[in-house]
Amino acid sequence: MLLLEAGGQLGGKVSGWTEELDGTDVDVEHGVHGWFERYRNFTDLLERHGLGEALGEPEAMSLRWTASGSTMDGNTGAGRRSIKTLLKTQAKALGYTRFTAGMVEGARWLKGLTPASARASLGGRSVNDWQDEGAPLTVWRLLSSRVASGIFFSRTEQIDAAEWAQGEAFLGAGGDRVRWLRGNPEELIWKPLAEAFVARGGEIQLLSPVSELVIESGRVVGVRVGEPMPGAVSEDLAEGWNMLPREGHPPVWVHRDAERVRALSGRCTHEGCPVLLDEDEQGFSCTCHGGRFDLNGAVVEGPPREPLQPLFVDLGTDGIHVEGEAPPEVIRGDSVILAVDAPAAARLLGKLLPQTLGLSGVRETVARFWLDRQEAPETPNALMLMDDPLAVSALLVHRLQDRAATWAAETGGSVIEVQLAHVTEDDREAVLDGAEAVLRTAYPELADALVLKRTLTLGSRYTAFPPGWHEAALPTDPPLDGLLMAGDHVLVDTVCAGMERAITTGRLAANVVLVERGLPSVPMS
């Protein structure tokens, strides 16, 4: 068993790492993660490996209606009554005259939904069109713009109605409470699972992006590992650092002085994002996750752990030639389970199964702040920010995660995360400034708080679900011999979404391999 991981650590969209604040380790990640109690295959996976305590106690998700400045806390009776009043008012404004009966009918409709029936009746239509034509009355219908941003990082006109309905049937209809991960996902989930995998004879190979499937006689027999990177050529270079672009790939950075010419790959060793020269020209920074390297390519600040790759420079008579990164290698196997994000699936399968070119990602933006004081005690742990056009939610990390709680107790400070959607700005500092403004509005008592540290994670790997997206999707066992699929973009026959779909499809794929080898399959919840 060989697990190939493109990045420098496991976890993908649920990865985490540590950075430093005044000599203390603090956690950073792709957003605080919470799982509803309906994530049964996921929680079973944790329990099977003794990791159940990685999740905190279940609690209700809370809402904040920022237009009125009041907080509606789903953990209290008064808060639940306020939320119900809000929903009734919204239903009336949308033309639904029978609130209680309508909600009962909507819940019954959701309960009877299956993936097949959803795709047959709603697939290909946008949520916007479906709602205009008269969608059933449900909670998501009443909070559609916030749900679209918070769950899908998209707008209602950009989301397939069938996927939306299945999402609510799974995440919203049951009224389940959420369990927050108690800290850094790498420490609490991925390292222990990796150790269990290796203990059972598995091997893990990091920094090994798959660039191509190897096919012989119509069957997938392996993968080509290592993204082939082109070199770069320049007729002349100025003194100091020069960026040589490579179309479709991170750049090459070349330094020239009186003594020598040297080059570094501009591909971040964390997840392959481009790195750019800092304004003060004292190092390089990742454009997506904030990792930093010195001018020799050594890691200065995580999440990357490996240095930038030095590249060979040939001073030819026709200019300066910089080699590309190392060529790929072929790894063969009896079965290949492709557990990648939607953009990677389109890239790897598009030539073989052209419909997969319709798979794509959507941008997500997560900012985290460490402040010198704390919010009001009565503030809920998690807020859905109802009115801001970009803000999705704010979470009090120091109430949800152990290390942040310890730091807050020792310093009197707070750790707060702001999740945004529809951000098109690429300037990291500008995005952080906007997120900080959201934070100070959401928590007026922190208007004058001093920010001790702030981090930003940008990405475009969350799965997009545009109208008709399922026409591009594949089942766990696609029409390509030797290949199996896993991920939240893979089609299944049970109603599930997000990481539960990723875990479910992963187990289904693993079971195919186990059965082929005469081994007992993994029970499905």
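So for D25, D278, what's the accessible-area order with a 1.4 Å probe, most first?
Sorted descending by solvent-accessible area, the residues read D25, D278.
Which net charge results for the neighbourhood of L480, defined as the other residues with beta-carbon distances under 14 angstrom from its beta-carbon, given Lys and Arg at +1 and Asp and Glu at -1?
Net of charged neighbours comes to -2.
About the Cα centre of segment 229-318, how large is the charge dipole given +1 on each Lys and Arg Cβ and -1 on each Asp and Glu Cβ? Please answer in debye to the nearest 20.
Dipole of segment 229-318, to the nearest 20 debye: 380 debye.
Please give me the summed charge of the neighbours of L206: other residues whose Cβ is under 13 Å from its Cβ, Lys and Arg +1, Asp and Glu -1.
Residues near L206 contribute -3 overall.
Among DSSP bridges having both ends in the chain, what percentage is antiparallel? Round to the nearest 5.
Within the chain, antiparallel bridges account for around 90 percent of the total.
Put +1 on the Cβ of each Lys and Arg and -1 on the Cβ of each Asp and Glu in the chain; which of A194, G272, A394 then has its Cα farthest toward the positive end of the dipole?
Toward the positive end, the furthest listed residue is A394.
In whole Hz, with x marking every Gly and Pro, tabulate ³J(HN,Hα) for segment 285-299 from phi via Karplus 6.51 cos²θ - 1.76 cosθ + 1.60, θ = phi - 60°.
Couplings: 10, 6, 6, 9, 10, x, x, 10, 10, 7, 6, 9, x, 6, 5 Hz.
Go ahead and run the numbers for FRET between E235 and E329, Cβ-Cβ distance against an R0 of 51 Å, rounding to 0.05.
The computed FRET efficiency comes out at 0.95.
Taking all protein chains together and a probe of 1.4 Å, list M386, M243, M103 from the most accessible to the least accessible.
So the residues, ranked largest to smallest area, are M243, M103, M386.
Per DSSP H run of at least 4 residues, take -39500 (n - 2.57); add these up for the chain, divide by its residues and hand me the 222 nm value, nearest 500 deg cm²/dmol.
Using -39500 (n - 2.57) per qualifying helix, the result is -8000 deg cm²/dmol.
I need the phi-derived Karplus couplings for segment 516-525: 6.51 cos²θ - 1.76 cosθ + 1.60, θ = phi - 60°, integer Hz, Gly and Pro marked x.
Residue by residue, segment 516-525 yields 4, 9, x, 9, x, 7, 7, x, 9, 8 Hz.
Please report the net charge: other residues with Cβ closer than 14 Å to the Cβ of S360, K and R +1, D and E -1.
Combined, the nearby Lys, Arg, Asp and Glu give -3.
Note down the magnitude of the dipole of the chain about its Cα centre, charges +1 on Lys and Arg C-beta and -1 on Asp and Glu C-beta and zero elsewhere, to the nearest 20 debye.
Dipole size: approximately 2560 debye.
Quick one: putting +1 on the C-beta of Lys and Arg, -1 on the C-beta of Asp and Glu, what dipole do you get for segment 445-525 around its Cα centre, in Debye to the nearest 20?
About 280 debye.
Looking at segment 190-259, which trypsin sites (Lys or Arg not before Pro) are in a loop (DSSP not H, G, I, E or B) and have at most 14 other Cβ atoms within 10 Å?
Those that pass, being in a loop and sparsely packed, are R200.
Candidates (i) 49; (ii) 22; (iii) 35; which is the computed percent of Cα pairs over 42 Å apart?
(ii)
Give the long-range amide H neighbours of L3: residues separated by 5 or more places, or on another chain, with amide H under 5 Å away, using H modelled in the peptide plane at 1.01 Å from N.
For L3, the qualifying residues are E203, I204, Q205.
Nearest 0.05, what FRET efficiency do M1 and F312 give at R0 = 45 Å with Cβ-Cβ as r?
After rounding to 0.05, the efficiency reads 0.80.
Relative to the present Cα-Cα distance, how much length would full extension add between T424 and S121 at 0.36 nm per residue of separation?
Roughly 105.7 nm would be gained on extension.
For segment 388-417, list residues with backbone N below 19 Å from a point placed 7 Å from the Cα of E378 toward its Cβ?
396
Can you work out the FRET efficiency for the pair E195 and L352, with r the C-beta to C-beta distance and R0 = 45 Å, to the nearest 0.05?
Rounded to the nearest 0.05, the efficiency is 0.85.
Just want the answer: with Cβ charges of +1 for Lys and Arg and -1 for Asp and Glu, which residue in G498, F465, L484 is farthest toward the dipole's positive end in segment 464-511?
G498
If amide hydrogens are placed 1.01 Å from N in the peptide plane, which non-local residues have theirs closer than 5 Å to the one on V392?
Q419, L420, A421
Which lysines have a Cα less than 23 Å from the Cα of K111, not counting those fewer than 8 places away in the same chain?
Counting by Cα, and skipping residues close in sequence, K111 has these lysines nearby: K84, K88.
Run down the aspartates and glutamates and flag those whose C-alpha is under 14 Å from the C-alpha of K453, throwing out any fewer than 8 positions away in its chain.
E19, E20, D22, D25, D27, E301, D372, E417, E429, D433, E436
Let me cross-check D334: its accessible surface, 1.4 Å probe, with only protein heavy atoms counted, in Å² to the nearest 10?
Counting only protein heavy atoms, the figure is 110 Å².
Out of residues 5 or more away from S211 or on other chains, whose amide H comes under 5 Å of its own, with H placed 1.01 Å from N in the peptide plane?
Amide H to amide H, under 5 Å and 5 or more residues apart or across chains, S211 pairs with R224, V225, G226.
For segment 501-513, just list the computed ³J(HN,Hα) in residue order, Karplus coefficients 6.51, -1.76 and 1.60, θ = phi - 60°, integers in Hz, with x standing in for Gly and Pro.
These are the phi-based 3J(HN,Hα) values: 5, 4, 5, 4, 5, x, 5, 4, 5, 4, 5, 4, 5 Hz.
Among T457, T97, what's the order by accessible area (1.4 angstrom probe), most exposed first?
Values: T457 5, T97 130 Å².
Accessible-area ranking of T457, T97, largest first: T97, T457.
Calculate, in nm to one decimal, what L276 and E37 gain on full extension: separation in residues at 0.36 nm each, minus their alpha carbon distance.
My answer for the length gained is 81.9 nm.
What is the extension gain from E516 to T89, computed as 0.36 nm multiplied by their sequence separation minus the C-alpha to C-alpha distance, in nm to one decimal?
148.1 nm
The values are calculated or read from the model by the stated rules, or taken from the named source; none is laboratory data. Please read these numbers as outputs of a predicted model, since none were measured by experiment. A quick note on method: Cβ atoms are made from the backbone with ideal geometry, for glycine too, and the neighbour counts reach across all protein chains shown. Side chains are part of the model used for accessible areas, which takes the heavy atoms of the whole protein and leaves out ligands, DNA and RNA. Shrake-Rupley method; radii C 1.70, N 1.55, O 1.52, S 1.80 Å.
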